[in-house]
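Quick notes on the structure that follows.
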Amino acid sequence: MNKHIAISVLGKDRPGIVSAISKVLFETGCNIEDSSMTIIESEFAMILVIALGKRTSLAELKNKLFSVCKSMSLTVSVRELSSKEALKEKQSKNMHIISVYGSDKTVFPSNKKAGEINSMLQDIAESLDVKIVVKPVEIAKL
């Protein structure tokens with residue numbers, strides 16, 4: 001079983017950050033299992049969970065990442081996930097999130113429409129062979 005590693009990268013946003021980190025991961029045979037990236041003001045933040053390449057040691061990966069991040073004035077943190085954390089990560093892969101966005105106005109569907117939406121979501125869940133929990137949302141006009 002591959003070791004799973006959590007990597008976080010922080011610093012001033014600029015072109016090439018994702019490319020540089022991805023290049024190191026590619027060259028060391030690592031696989032990106034999960035990722036999250038955001039920009040707040042002018043700051044870039046990236047968190048990755050990766051499967052360590054079979055031909056790469058954790059020390060080698062750290063050295064390469066630290067070298068690249070230093071050259072780009074980025075802060076990097078690298079830590080091995082425990083088997084329990086890695087298992088939780090794998091289990092969460094079975095979770096699907098469906099987000100629905102609409103116009104910027106209050107819409108209150110009738111019970112009939114809400115039932116149709118619930119039925120549609122259940123059909124999607126069945127096709128994905130997953131269980132679904134629909135949480136009602138309360139919408140209030142202020």
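Would you mind giving the three semi-axes, in whole Å and largest first, of the ellipsoid equivalent to segment 1-79 according to its Cα gyration tensor? Write down the numbers at each step before the final one.
Working: eigenvalues 89, 33, 19 Å².
Computed over segment 1-79, the values are 21, 13, 10 Å.
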Residues whose modelled amide H sits under 5 Å from the amide H of Glu33, counting only those 5 or more places away in sequence or on another chain, are Val49, Ile50, Ala51
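No lab work stands behind these numbers, since they all come straight from the coordinates. Source: prediction; values computed, not measured.
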